[in-house]
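Here's the structure we're looking at; comments come further down.
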Amino acid sequence: MSSKSSGVGGVGGVDDPAVRAVARHALSLIESGFKVGLGSGRASSAFIAALGARIKDGRLSGIQGVPTSEASEKLALEVGIPLIELREDVELDLTVDGADEVAPNLDLIKGWGGALVRERIVASASKRQIILVGPEKLVKTVGERGRIPVEIIPLALGSASRKLKALGLTPTVRKNNDGSTFITDNKNLTLDCACATPLKDGAAARELEAKILEIAGVVDTGMFLATAELVLIGQADGGVDMMVRHG
């Protein structure tokens with residue numbers, strides 16, 4: 001059974017003051033004529049809705065979007081954002097997305113909502129990646145909040161699970177709320193891989209990522225290491241803090 005990717009990139013619902021604050025701040029980075037990657041999750045949904053409103057009232061023009069999930073595509077069309085394909089000649093000005101963990105060096109864990117592969121592709125086609133989160137997503141090291149998503153081709157389930165366990169991970173096939181198997185927008189499976197302990201540092205994260213990607217049948221991981229330029233952290237009082245990656 002397929003489940004539409006929704007992500008968990010924000011805090012609370014789209015009416016939450018923190019969500020509105022980071023969406024509003026991200027919107028201030030958009031200029032007319034921009035090509036924008038449209039992320040997945042609650043904060044990204046708030047941004048998409050706000051961007052559509054800004055287009056509708058005429059304050060932004062010539063905007064084109066590339067969604068990272070079927071859910072983001074549906075919302076973008078509903079609010080009137082023109083969508084384009086990610087052709088060879090298309091470079092996005094920026095992508096606005098969420099994350100499930102943000103380490104101090106801006107290493108990210110993404111994919112709890114199931115859209116990690118498309119999020120990776122869109123981010124890689126962008127000049128900048130802007131991440132919207134709440135303070136509960138901030139961690140000291142990657143893996144602190146409990147699981148690293150890995151998208152795999154269904155045929156590889158047995159062998160990939162065995163090899164992930166050999167790396168010290170505990171993989172679990174993701175399920176929908178009704179107990180059926182979660183299927184990504186790409187018709188693949190997601191293994192949520194628990195770490196025995198959070199990864200020691202950025203070097204350990206990069207070593208683990210490389211080993212996971214060597215496993216046949218692995219499409220991608222939710223480890224987005226050194227991809228984000230700016231992280232906006234929404235606060236309950238409507239304030240926004242920022243983390244910037246240097247170098």
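The values are calculated or read from the model by the stated rules, or taken from the named source; none is laboratory data. Quantities reported herein were computed from a predicted structural model and do not represent experimental measurements. Cβ atoms come from the backbone with ideal geometry, glycine included; neighbour counts cover every protein chain shown.
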Worksheet, complete the sentence: Those residues of region 190-215 that are free of Cβ contacts under 8 Å to residues at least 40 places away in the same chain and of a type in the set (Lys, Arg) come to a total of 1
Practice prompt. Residue by residue through region 118-146, note down the ones that are surrounded by 23 or more Cβ atoms within 10 Å (Cβ to Cβ) and within 18 Å of ASN188 (Cβ to Cβ).
Written response: ARG118, GLU119, VAL122
Fill in: Residues that are under 24 Å from THR68 (Cβ atoms) and either surrounded by fewer than 14 Cβ atoms within 10 Å (Cβ to Cβ) or not basic (Lys, Arg) (or both), drawn from region 173-182
VAL173, ASN176, ASN177, SER180, THR181, PHE182
Worksheet item: Would you pick out the residues in region 183-201 that are surrounded by 17 or more Cβ atoms within 10 Å (Cβ to Cβ) and assigned to a strand (DSSP E or B)?
Response: LEU189, THR190, LEU191, ASP192, CYS193, CYS195
Worksheet entry | Where a residue in region 216-234 is under 24 Å from ARG24 (Cα atoms) and its partner, wherever it lies, is of a type in the set (S, T, N, Q), with Cβ under 7 Å and at least six apart | THR227/GLN129; ALA228/GLN129; GLU229/GLN129
Discussion item. Could you check region 154-172 and list, in sequence order, the residues that are loosely packed, with under 14 Cβ neighbours inside 10 Å and within 23 Å of the chain's Cα centre (by Cα)?
Written reply: PRO154, THR172
Worksheet item: Here are some residues: ARG162, ARG174. Which one is of a type outside the set (Ser, Thr, Tyr) and without any contact (Cβ under 8 Å) to a residue 40 or more places away in the chain?
Response: ARG162
Worksheet item: Which one of these does ILE233 not meet: (1) assigned by TED's automatic domain parsing to the domain that holds ALA43; (2) modelled with pLDDT of 95 or more; (3) out of contact with any Gly (no Cβ under 9 Å at 6 or more places or on another chain)?
Response: (3)
